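Colleague: Quick one: the structure is below, questions incoming.
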Amino acid sequence: KGVPALFAPVAAYPIGPRRTGFLIPRFLYSNSDGFVVKQPFFWAISPSQDLTLTPIYRTKVGFEIAADYRYVLAEDARGEMTGRYLHDISSTAPQTNRGEFKWLHDQVLGPTWTAKADVTVVSDQTFQQTFVETPVLVRTQRTIPSNVFVTQSTPQYMLLGLVNLTRDLSQTTETRTGRLPEVGFQWLPSAVGGTPLLVGGQTS
């Protein structure tokens, strides 16, 4: 009858080109975090990169900011960086300033060369076990490995250069192991002359 009964915000369903704007908020609850509010904001920086910023408030833990940056450098080079910072006010927190950084990168350097990175850095050993929305596989892992490696692969051989650092979460004291760096060479099995005899080998 011309009398407003309900006001609703304007929303757009994201079909078509990516657009900058707020995403649908999320609400959670857990005994450890309390009431949780997340409000993501998506920034379409360019056709080849974007950034999602998510302020998060946990009534029993404190304020958190999360960022997810995705990029495409070329058709065969792309990656993603994610980071989180939490000002933890809970009484059981190991420290007040807590955070996490992850970097995934995959790139083809040439016809036979590739480079990959899978790096994870956390502020403390229990950070990944803190949040209710963290996947079970991540909450229960006993180590946090970080790897950066370059490989060359041909029909005759494979060459690997690796830098590795692993953080042990199963011990109460800080423990890290690493290979800085490791170089491996594998000679793929090949026939000797015209005989059926195959010869191969590997070393590192």
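The values are calculated or read from the model by the stated rules, or taken from the named source; none is laboratory data. Given the structure is predicted, the values throughout are model-derived calculations rather than measurements. All Cβ positions, glycine included, derive from the backbone under ideal geometry; neighbour counts span all protein chains shown. Note: areas computed on protein heavy atoms with side chains; ligands, DNA, RNA excluded. Shrake-Rupley method; radii C 1.70, N 1.55, O 1.52, S 1.80 Å.
Colleague: Choose one answer from Leu23, Leu180, Leu137: the residue with the largest mean-square fluctuation in a GNM of the chain with alpha-carbon springs under 10 Å.
Modeller: Answer for the Gaussian network model of the chain: Leu137.
Colleague: Take the alpha carbon atoms of the stretch 8-59, find their center, do the same for the stretch 181-202, and report the distance between the two centers in whole angstrom.
Modeller: 52
Colleague: Suppose R0 equals 30 Å; then what is the FRET efficiency for Ser46 and Val10 from their Cβ-Cβ distance, rounded to the nearest 0.05?
Modeller: So the FRET efficiency works out to roughly 0.70.
Colleague: Hey, can you find the accessible area per residue of the chain for me, probe 1.4 Å, expressed in square angstrom? Write down the numbers at each step before the final one.
Modeller: Values: 13690 Å² over 204 residues.
With all protein chains present, the chain gives 67 Å² per residue.
Colleague: Sticking with this structure for a sec: Summing +1 for each Lys or Arg and -1 for each Asp or Glu, what net charge is found among the other residues whose Cβ lies under 11 Å from the Cβ of Pro145? List each step's numbers first, then the result.
Modeller: Working: positive: Arg142, Arg167, Arg176, Arg179; negative: Asp118, Asp168.
Charge balance in the 11 Å sphere: +2.
Colleague: Given a 10 angstrom Cα cut-off, can you work out which residue in Thr130, Thr154, Thr54 is the most mobile in a GNM of the chain?
Modeller: Sorting by GNM fluctuation, first place goes to Thr154.
Colleague: Here's a follow-up. Find how much the distance from Val183 to Val121 grows on full extension, using 0.36 nm per residue of separation minus their present alpha carbon separation; answer in nm with one decimal.
Modeller: Full extension of this stretch gives 20.0 nm more.
Colleague: A follow-up question, please. For the stretch 23-131, what is the convex hull volume of its Cα atoms per residue in Å³?
Modeller: About 106 Å³ per residue, rounded to a whole number.
Colleague: Next question, about the same structure. Could you work out how much longer the chain between Ser190 and Val163 gets when fully extended? Use 0.36 nm per residue separation minus the Cα distance between them, nm to one decimal.
Modeller: Extra length from Ser190 to Val163 when fully extended: 6.8 nm.
Colleague: For the stretch 92-147, state which chymotrypsin sites (Phe, Trp or Tyr not before Pro) are in a DSSP loop and have at most 12 other beta carbons lying within 10 Å of their beta carbon.
Modeller: none
Colleague: Pop out the ³J(HN,Hα) list for the stretch 157-163 in order, Karplus 6.51 cos²θ - 1.76 cosθ + 1.60 with θ = phi - 60°, rounded to Hz; leave Gly and Pro as x.
Modeller: Result, ordered by residue: 7, 10, 10, 10, x, 10, 10 Hz.
Colleague: Using a Förster distance of 45 angstrom, determine the FRET efficiency expected from the C-beta separation of Gln141 and Val3, and round it to 0.05.
Modeller: After rounding to 0.05, the efficiency reads 0.20.
Colleague: Quickly estimate the mean residue ellipticity at 222 nm for the chain, helices only: each DSSP H run with n ≥ 4 gives -39500 (n - 2.57), and the total goes over all residues, rounded to 500.
Modeller: It lands at -500 deg cm²/dmol.
Colleague: I've got another one for you. Hand me the trypsin sites (Lys or Arg not before Pro) from the stretch 113-152 located in a DSSP loop with no more than 15 other Cβ atoms within 10 Å, in residue order please.
Modeller: Arg142
Colleague: If you don't mind, there's one more thing I want to ask. Calculate one ³J(HN,Hα) per residue across the stretch 49-59 by plugging θ = phi - 60° into the Karplus curve 6.51 cos²θ - 1.76 cosθ + 1.60, and present them in order as whole Hz with x for glycine and proline.
Modeller: Result, ordered by residue: 7, 8, 9, 10, 9, 10, x, 9, 10, 10, 4 Hz.
Colleague: Which of the aspartates and glutamates could be linked to Lys38 by a straight reach, that is with a Cα gap under 18 Å, when you skip same-chain ones fewer than 8 residues away?
Modeller: Output for Lys38: Glu64, Asp68, Asp88, Glu100, Glu133.
Colleague: If you don't mind, there's one more thing I want to ask. Relative contact order (percent) for the stretch 4-98, with alpha-carbon contacts under 8 angstrom and 6 or more residues of separation?
Modeller: The value is 17 percent.
Colleague: For Tyr57 and Val108 in one chain, what is 0.36 nm times their gap in residues minus the Cα-Cα distance, to one decimal in nm?
Modeller: That pair, Tyr57 and Val108, stretches by 14.4 nm at full extension.
Colleague: Quantify, in whole percent, the carbon and sulfur part of the accessible surface of the chain (1.4 Å probe; protein heavy atoms only).
Modeller: 64
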